[in-house]
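Chemist: Mind having a look at this structure? Questions to follow.
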Amino acid sequence: MATTITNRIGVSTIQGDTTNDAISFANLKHADEATPVAAKIVEIFWQTAGTITIDRDGTAIHAFTGTGHWNLGAAGTCLQGTNTDDIGITVAGGDSFFVVVVRKTY
């Protein structure tokens, strides 16, 4: 499957099952919006037999194991890190899948 990105105005959804260390703001741009200057990770779904690690510009900010759903947007927050840096996702171990939802600002 690799990584696919669905862009809507204001929100992008990243899903995949393999490592992708180069998700830039240009990748998160919908055709009808300006290029984002920040992307806040607000929701994550994951399933893995190993670990799925999310980083911002190479700095790891959280590692996920097992299966779960984390809705940070409902709590009015986002996964901490520098929201103006590119997003990287590292998958270690088999049988892994992730969905990451980001809210964009311009």
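Chemist: Could you tell me which of the residues Thr13, Thr53, Thr65 is part of a strand (DSSP E or B) and touching a His at 6+ places or on another chain (Cβ under 8 Å)?
Modeler: Sole residue among the options that is part of a strand (DSSP E or B) and touching a His at 6+ places or on another chain (Cβ under 8 Å): Thr53.
Chemist: Tally time: how many residues in the stretch 50-88 are surrounded by 12 or more Cβ atoms within 10 Å (Cβ to Cβ), under 15 Å from Phe25 (Cβ atoms) and of a type in the set (Val, Ile, Thr)?
Modeler: 2
Chemist: Just the residues that are under 12 Å from the mean Cα position of the chain (by Cα) and among the β-branched types (Val, Ile, Thr), please, taken from the stretch 64-106.
Modeler: Ile87, Ile89, Thr90, Val99, Val100, Val101, Val102
Chemist: What pairs can you find where one residue is in the stretch 10-32 and touching a residue at least 24 places away in the same chain (Cβ under 8 Å) and among the acidic types (Asp, Glu), the other is surrounded by 13 or more Cβ atoms within 10 Å (Cβ to Cβ) and not in a strand (DSSP E or B), and their Cβ atoms are less than 7 Å apart, with a gap of 6+ or different chains?
Modeler: Close Cβ pairs (under 7 Å, with a partner that is surrounded by 13 or more Cβ atoms within 10 Å (Cβ to Cβ) and not in a strand (DSSP E or B)) amount to Asp17/Ser96.
Chemist: When residues of the stretch 65-97 are filtered for being within 19 Å of Ala2 (Cβ to Cβ) and either out of contact with any Lys or Arg (no Cβ under 9 Å at 6 or more places or on another chain) or at pLDDT below 90 (or both), how many remain?
Modeler: 9
Chemist: For the stretch 1-24, give me each residue that is under 23 Å from Gly76 (Cβ atoms) and either in contact with a helix residue (DSSP H, G or I) (Cβ under 8 Å, 6 or more places away or on another chain) or crowded, with 19+ Cβ neighbours inside 10 Å (or both).
Modeler: Scanning the stretch 1-24 gives Ser12, Ile14.
Chemist: Return the residues of the stretch 31-49 that are surrounded by fewer than 16 Cβ atoms within 10 Å (Cβ to Cβ) and outside any strand (DSSP E or B); say none if nothing qualifies.
Modeler: Ala31, Asp32, Glu33, Ala34, Thr35, Val37
The values are calculated or read from the model by the stated rules, or taken from the named source; none is laboratory data. Bear in mind the structure is a predicted one, so any value in this text is a computation, not a measurement. All Cβ positions, glycine included, derive from the backbone under ideal geometry; neighbour counts span all protein chains shown.
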